[in-house]
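S.K.: Structure incoming, see below.
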Amino acid sequence: MNLTQLTVENIKQFADNPAQFEAGLLCYETSSIDQFYMSGKRITANVGTQTGLYSVEIQSGGGKVSADCTCGVQDAVCEHRVAVLLYALYGDPNELVGNDPDKVEAIASGSSVASFPDDLEAALREMGVDKLVEIILKFVDEFPEVRHLLLSEVTLSSDLIHLPQKPGGMVSRLKQEI
């Protein structure tokens, strides 16, 4: 299973059985998942439930996936691991799914999230330009490598480009003005 190309089917297979997938889906819907971090081959997150706070770490490599959880379940896949994988696939359930039972059922039945109206796109279109700029600047502060990508997608006005002055250039111009 490739963590960057997750599907519901992958997660169902990982869960080993339908009951464990359902338990993970319920955990995904009702728990708080925070400190979520995902890189190409690794996911870490905390899952807060009514029974406690659990740390989950999932790694992939060589076509295999290993997963650890502090809940104590050994040699099986716990609902916390499944919930973190669903979070990696769909994001925050309160933002994406909300209280729409049809969307929850679609996730459980394996439908693609791509078939839902794009909530993120709708939210971005409703924001003002100033708010979008603020969000993008915060994002670039957190992920500086994105700055180059964003700048490569825009054409800057010559008024915005400040080229460094040549040494002596300013002095020569001032002499001409005098």
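The values are calculated or read from the model by the stated rules, or taken from the named source; none is laboratory data. All values derive from a computational prediction rather than experimental measurement. Counting neighbours? That spans all protein chains shown, and the Cβs are built from the backbone with ideal geometry, glycine included.
S.K.: Residue 47: of a type outside the set (D, E, K, R) and in a helix (DSSP H, G or I), yes or no?
M.R.: In short, no.
S.K.: Go over the candidates 65, 82 one by one and state the one that is in the same structural domain as residue 18 (by TED's automatic domain parsing), among the hydrophobic types (A, V, I, L, M, F, W, C) and assigned to a strand (DSSP E or B).
M.R.: Within the list 65, 82, the selection yields 65.
S.K.: Answer with yes or no whether residue 15 is under 22 Å from residue 143 (Cβ atoms), outside the structural domain of residue 142 (by TED's automatic domain parsing) and in contact with a Phe, Trp or Tyr (Cβ under 9 Å, 6 or more places away or on another chain).
M.R.: No: the conditions fail for residue 15.
S.K.: Let me ask something additional. Taking only region 45-62 into account, find how many residues are without any contact (Cβ under 8 Å) to a residue 12 or more places away in the chain and either outside the structural domain of residue 87 (by TED's automatic domain parsing) or under 12 Å from residue 86 (Cβ atoms) (or both). Before you say what the answer is, go through the steps one by one.
M.R.: Filtering region 45-62 down to residues without any contact (Cβ under 8 Å) to a residue 12 or more places away in the chain leaves 50-51, 53, 62.
Narrowing the set further to residues that are either outside the structural domain of residue 87 (by TED's automatic domain parsing) or under 12 Å from residue 86 (Cβ atoms) (or both) leaves none.
Residues meeting the conditions: 0.
S.K.: Still on this structure: With respect to residue 138, is the statement that it is surrounded by 10 or more Cβ atoms within 10 Å (Cβ to Cβ) and at pLDDT 80 or above true? Quick ask: steps written out before the conclusion?
M.R.: Working: surrounded by 10 or more Cβ atoms within 10 Å (Cβ to Cβ): yes; at pLDDT 80 or above: yes.
Considered against the rule, which asks whether it is surrounded by 10 or more Cβ atoms within 10 Å (Cβ to Cβ) and at pLDDT 80 or above, residue 138 comes out as yes.
S.K.: Taking residue 71, is it surrounded by 15 or more Cβ atoms within 10 Å (Cβ to Cβ), modelled with pLDDT of 90 or more and part of a loop (DSSP other than H, G, I, E, B)? Working first, answer last.
M.R.: Values: surrounded by 15 or more Cβ atoms within 10 Å (Cβ to Cβ): yes; modelled with pLDDT of 90 or more: yes; part of a loop (DSSP other than H, G, I, E, B): yes.
So residue 71 fits the description; yes.
S.K.: Restricting attention to region 40-82, which residues are in contact with a Phe, Trp or Tyr (Cβ under 6 Å, 6 or more places away or on another chain), over 18 Å from residue 10 (Cβ atoms) and not hydrophobic (A, V, I, L, M, F, W, C)?
M.R.: 44, 70
S.K.: Quickly run through region 74-106 and pick out the residues that are farther than 22 Å from residue 5 by Cβ, modelled with pLDDT of 85 or more and of a type in the set (D, E, K, R).
M.R.: 79 - this is the single residue of region 74-106 that is farther than 22 Å from residue 5 by Cβ, modelled with pLDDT of 85 or more and of a type in the set (D, E, K, R).
S.K.: Ok, one more. Which of the residues belonging to region 23-44 are in contact (Cβ under 8 Å) with a residue 40 or more places away in the chain, of a type in the set (Ser, Thr, Tyr) and not in a loop (DSSP other than H, G, I, E, B)?
M.R.: 28
S.K.: Anything in region 123-144 that is among the acidic types (Asp, Glu) and within 16 Å of the chain's Cα centre (by Cα)? List them, or say none.
M.R.: Of region 123-144, the ones among the acidic types (Asp, Glu) are 126, 130, 134, 141-142.
Once the filter is applied, which keeps residues that are among the acidic types (Asp, Glu) and within 16 Å of the chain's Cα centre (by Cα), region 123-144 yields only 142.
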